[in-house]
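Report on one structure; see the data block that follows.
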Amino acid sequence: MRRAARSRPASSTSAAAPGPLPDDQRRAAHTVISLLLDYPTAETAAHRADVEDVVVGLPPDVGRPLRAFLDATASVPLRELQAAYVTTFDLKRKCSLYLSYYAAGDTRKRGAALVTFVEAFRAAGWETDGSELPDHLPTVLELSARTDGEIAGMVLDAHRDGIEVLRAALETVRSPYAHVVAALVATLPAMQSATAARFRDLVAAGPPTELVGLSDLSHLTPFATIPSLTEETRR
């Protein structure tokens, strides 16, 4: 199973880092989840049988929710699924697929947050191709699937509160996409207490809409100390 790449290699990646799933299962799961969270097209629909084959081989806590999504959307016409996708992810603030939106919202600080994603891709030896912003969740998951997952895992961990808000919001509106995000959460480490606190705040208040009272964004810049992020990598 393969889709048009959003990124291109810029340099070699570092050694693999341990994660909650074996490397091959993490790559497979994040490939499928990335595909299912992307805008549905005839091309992606053509890969359904391939997706189902991959899902069978995933651990139950990851595979079951993915199977639930596939079952829930099996008979939905493509145009109807596309309309539901737009209504869900483009028109609801707490259902955004753009991870920096949860911390920075519609503020000037979102630009600084997006820079951390660009730096993360470069640190992993990749560049985005410009078809999506680098904080687009399917794009980050594609990075995880195409690399050893160390840096993509750091990005996902730094934005875990936003992912949890997305999951909770999708469950609230009873979207079948809640199953896909639940599968993603099952591939991630346990949520830390500080992240849980930010999650509760975001659930209560939603993403920021103005600069006044904006919380510190330091948790969005975990890449400055990564050895592979050098001037050579940046070029």
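Listed values, structure above:
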quantity	calculated
Every residue from the stretch 101-112 that is open to solvent by 60 Å² or more (accessible area, probe 1.4 Å) and either among the acidic types (Asp, Glu) or farther than 21 Å from Asp157 by Cβ (or both)	Asp106, Arg108
Selection count, the stretch 71-100, where residues are open to solvent by 20 Å² or more (accessible area, probe 1.4 Å) and closer than 14 Å to Ala169 by Cβ	7
Residue ranges of helices (runs of 4 or more DSSP H) in the stretch 98-178 with at least 2 members at pLDDT 90 or above and closer than 20 Å to Ile33 by Cα	137-146, 150-158, 160-172
Search result, residues across the stretch 117-126 that are open to solvent by less than 40 Å² (accessible area, probe 1.4 Å), more than 17 Å from Ile163 (Cα to Cα) and touching a helix residue (DSSP H, G or I) at 6+ places or on another chain (Cβ under 8 Å)	Ala120, Phe121, Ala123, Ala124, Gly125, Trp126
Tally of residues being among the β-branched types (Val, Ile, Thr) and farther than 26 Å from Tyr177 by Cα across the stretch 107-153	4
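The values are calculated or read from the model by the stated rules, or taken from the named source; none is laboratory data. Quick caveat, the model's predicted, so the values are computed rather than measured. For neighbour counting, all protein chains shown are included, and Cβ atoms are generated from backbone atoms with ideal geometry for every residue, glycine included. Calculation scope for accessible area: heavy atoms of the full protein, side chains included, ligands and nucleic acids excluded. Shrake-Rupley method; radii C 1.70, N 1.55, O 1.52, S 1.80 Å.
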